[in-house]
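Input: a single structure, listed below in structure tokens.
The values are calculated or read from the model by the stated rules, or taken from the named source; none is laboratory data. This is a predicted model, so every value here is computed, not measured. Protein only, heavy atoms only, side chains kept; ligands, DNA and RNA dropped before computing areas. Shrake-Rupley method; radii C 1.70, N 1.55, O 1.52, S 1.80 Å.
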Amino acid sequence: MANNIINKISRQTGQDSVGELREKDFKRDLEERERQAARERTRDRGSRTESKRSRVDQVPATNLDADDPVDDDDSDDSDESDDEDDTAELLAELQRIKKERAQEEARKEQEKKVEEERIRTENILQGNPLLQPSSNFQVKRRWDDDVVFKNCAKGIPEKGKEGKFINDTLRSEFHKKFMNKYIK
């Protein structure tokens, strides 16, 4: 179906039809454009240096005086050098700012690590009541209060714990009463 649609749509010459695109050598075109751009760059650089040399050669060294005004022709050279100096200063400033930001970020990261370590140590100390000198740590209940077979041992009299639930069915109060009533 897609081929039918593509076949129905026909492009005219110059509209990058499939045939034209197959015939183009993109790599060769790219390489040619790169060579042309490189030639233009070298030509621009060469013309700048030649114009600077020619201007310096035109001014005789014997006629230069510190009090003489500078010609308007030389102002272009100073503008270019000023631009280059400004660019160099801006790049140096940019590097300095990046360095300061990196140092500030490293300092903040270090402070964050110290604070996290302090909080972790504080939590550890507060989590253990035995390490806190001011706390009155008392065990509220025995360790075996919640075990399943706590009251299973025979011969241990219960100390005033009448009617307390015992998890062992053979030693519970109900079982004892039942056995006394129906078996004996």
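Maximal additional length on extending the LYS27-ASN167 stretch stands at 41.6 nm, based on 0.36 nm per residue less the C-alpha distance. Looking at the stretch 88-130, the accessible area is 94 square angstrom per residue; that uses a 1.4 Å probe and ignores ligands, DNA and RNA. In plain terms, the chain from GLU115 to VAL147 could stretch by 7.3 nm, reckoned as 0.36 nm per residue minus the Cα-Cα distance.
Taking 0.36 nm per residue of separation and subtracting the current Cα-Cα distance, fully stretching the chain between LYS108 and LEU125 would add 3.5 nm. Here the accessible area of the stretch 88-130 is 56 percent carbon and sulfur, with a 1.4 angstrom probe and all protein chains present.
Reported value for the stretch 88-130: 25 Å³ per residue, from the convex hull of its C-alpha atoms.
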